[in-house]
Amino acid sequence: MQRPEPLTDLDWTPDRAAEFGTAALDLWTEYLRRLPELPVAHPHTPAQTRAAVVDGRDVPDKPLTDDELLEHLRTVVMEHGAQTGHGGFMAYITGAGTVPGAPAALLAAGINQNLGGWPLGPGATEIENHVLAWFAARLGLPPETSGAFVTGGATANLMALAVARDSLAGWDVRRDGVAGGPRLAIYASDDVHETVDRAADLLGLGTAAVRRVPTDDRFRLQASAVEAAIRQDIADGVKPLAVVATAGTTEMGAIDPLDELADVAERYGCWFHVDAAYGGPAAMVDELKPRFAGISRADSVTCDPHKWMNIPISASLVLFRDQARHIAAFTLQPDYTKLDATVLNDMVLRYQWTPQFTRPFDALPVWVSLLAQGWDAMARRIRHDVELAAWLHRLVGAHDELEALADPELSIVCFRYVPPGGADLGEAYLDDLNERILYAVQRAGRVYPSNAVIRGRYAIRACLISYRTEASHVETLVDDVVTHGRRLHAAG
């Protein structure tokens with residue numbers, strides 16, 4: 001056999017990398033310049049989008065030229081994206097993406113560190129450790145808190161409940177499975193995110209294990225109702241496992257009474273998990289901290305910086321008060337990963353701390369965004385978003401044809417259009433009318449709210465977390481809802 005000759009087809013020179021990277025950067029900055037004028041709504045159908053970005057474009061045997069590739073990227077970026085970075089985007093809980101976070105994400109991909117273990121990403125692992133410790137401290141958790149960046153809030157909630165199950169079930173669940181003992185129960189509000197149900201499903205507990213306890217008139221989980229549900233389960237031979245509180249519900253932004261729920265969890269030996277995927281950053285703002293009293297007592301916390309901190313997706317983390325319990329729930333030691341004990345003393349090997357072996361450098365865009373912008377600016381923006389929500393709520397309350405469906409707790413406002421004499425039209429008519437109004441507002445492309453169902457009533461929902469959203473955008477929302485509401489109601 002002859003000695004193989006070098007093959008460099010895939011190894012671009014630094015000069016070519018710079019040329020292509022600069023062209024991609026130019027495309028991104030052009031997008032940022034054009035963004036305020038772009039329609040917020042994606043104007044094309046799935047068939048049109050498919051035809052533009054993939055149809056007739058098989059994976060080639062020979063590469064495209066750089067110009068051809070950049071033209072394709074231009075089509076994807078400029079014509080077929082959802083404009084989540086637009087100030088008029090108010091749907092779901094989707095941040096705009098920080099500007100310094102974008103080149104940080106490029107660098108994270110460019111150096112391609114594997115944060116499964118310290119040896120494959122030394123500096124990256126230390127940055128992840130440092131950023132997690134900063135979040136823990138801001139949330140009032142102890143210095144020994146452990147954690148990890150994960151793929152999203154769903155994974156964070158799954159991990160939290162996995163550690164709860166393995167720590168408190170009362171038998172070796174990792175060895176014997178959930179069939180090794182009595183049924184387990186999780187207590188949460190009827191507004192808890194569905195990822196808690198998904199976690200119960202994936203952990204073998206079953207979705208019926210999630211006791212969705214009714215909320216009060218402020219959409220908050222009541223400790224007394226949770227305690228009653230726990231007592232009933234104990235009487236029925238079911239073992240209470242975890243109390244899940246939400247610090248900022250998806251539909252309304254409600255904050256459960258964390259201190260009171262922590263008391264209940266402690267009283268009955270339950271794990272106390274706080275899903276702060278949305279509200280976590282607000283809990284770190286001095287003026288808003290009192291609303292989150294008790295979060296520092298959590299056994300685990302979910303927080304998504306890609307939501308209210310606007311970090312590029314994905315940036316999600318989970319924190320654990322008890323590092324030993326956290327690690328015990330995931331540690332396995334394949335022979336090929338074993339290292340000398342003296343080397344391991346000061347290393348973090350997160351492949352033993354999470355379900356993932358291969359892990360990206362998700363902490364870098366968070367770290368760079370904080371370094372480039374500072375926490376004070378982020379905290380001011382979060383306070384500003386809360387003020388914008390209060391302003392929108394005031395505009396709704398001042399308009400004869402709009403009805404607020406709840407007082408905003410954070411930066412989410414839910415309301416509906418009610419035409420003159422609407423009280424006599426019936427709830428079914430108002431639900432249908434507001435659904436049609438929502439779609440009309442979205443198609444118009446000036447702003448993009450989403451919907452919610454509040455106590456059975458269809459609502460137009462504005463989530464104000466983008467650093468590009470201002471009072472003019474919420475005023476446009478009010479104008480568009482009223483304009484389309486009048487038109488659609490008149491048309492019957």
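Quick note: the coordinates plus some simple rules give every number you see, no bench work behind them. The model shown is predicted, which means the values in this text are computed figures rather than measured ones. Every residue, glycine as well, gets a Cβ built from its backbone with ideal geometry; the counts of neighbours run over all protein chains shown.
Write down the Kirkwood hydrodynamic radius of the range 106-372, to one decimal in angstroms, obtained as one divided by the mean of 1/r over all alpha carbon pairs. Let's see the in-between values first.
Working: mean 1/r = 0.0531 Å⁻¹.
It is 18.8 Å.
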| note | the range 1-79 and the range 112-133 have their Cα centres apart by a whole-number Å value of 29
| said: For a Förster distance of 51 Å, can you work out the FRET efficiency between the beta-carbons of residue 371 and residue 183, rounded to the nearest 0.05? | reply: 0.60
| message | Run the numbers for residue 111 and residue 446: contour at 0.36 nm per residue of separation, minus the present Cα-Cα distance, in nm. | response | 116.7 nm
| message | I need the semi-axes of the equivalent ellipsoid of the range 376-491: take the C-alpha gyration tensor, multiply each eigenvalue by 5, square-root it, list largest first in whole angstrom. | response | 25, 14, 12
| Taking Cα centroids, how far is the range 270-326 from the range 357-407 in Å? | 15
| query | If the chain between residue 218 and residue 80 were fully stretched, how many nm would it gain, using 0.36 nm times the residue separation less the Cα-Cα distance? | reply | 45.7 nm
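Give me the percent relative contact order of the chain, please, defined on Cα pairs under 8 angstrom at least 6 residues apart. Intermediate values should be presented prior to the final figure.
On the way: 860 pairs, mean separation 100.6, N = 492.
RCO, the chain: 20 percent.
Sorted from largest to smallest, which semi-axis lengths in Å does the alpha carbon gyration tensor of the range 219-280 give for its equivalent ellipsoid, taking the root of 5 times each eigenvalue?
Working: eigenvalues 100, 24, 18 Å².
Listed largest to smallest, the semi-axes of the range 219-280 are 22, 11, 10 Å.
Taking the Cβ-Cβ separation of residue 24 and residue 455 as r and a Förster radius of 41 Å, what is the calculated FRET efficiency to the nearest 0.05?
Values: r = 48 Å, r/R0 = 1.16.
Result of the calculation: an efficiency of 0.30.
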| task | Work out Dmax and Rg for the chain from the C-alpha atoms and quote the Rg first, both in angstrom. | result | 24.8, 89
| task | Calculate, for residue 202 and residue 380, the FRET efficiency according to 1/(1 + (r/R0)^6) with r their C-beta to C-beta distance and R0 41 Å; round to the nearest 0.05. | result | 0.60
| task | In whole Å, largest first, what are the principal axis extents of the Cα atoms in the range 15-83? | result | 37, 29, 12
| task | Provide the packing ranking of 114-122, 300-308, i.e. peptides ordered by the mean count of other C-beta atoms within 10 Å per residue, highest first. | result | 300-308, 114-122
| message | Output wanted: per-residue J couplings in Hz (rounded whole) for the range 440-448, from phi through Karplus 6.51 cos²θ - 1.76 cosθ + 1.60, θ = phi - 60°, x for Gly and Pro. | response | 5, 5, 4, 5, 4, x, 7, 9, 9
| log10 I(q)/I(0), Debye, Cα-only the range 372-415, no solvent, q = 0.32 Å⁻¹? | -1.06
| remark: Over the Cα atoms of the range 283-322 the radius of gyration and the largest Cα-Cα distance (Dmax), both in Å, equal 11.5, 29
| task | Taking H placed 1.01 Å from N in the peptide plane, check which residues at least 5 places from residue 402 or on another chain put their amide H under 5 Å from its amide H. | result | 418
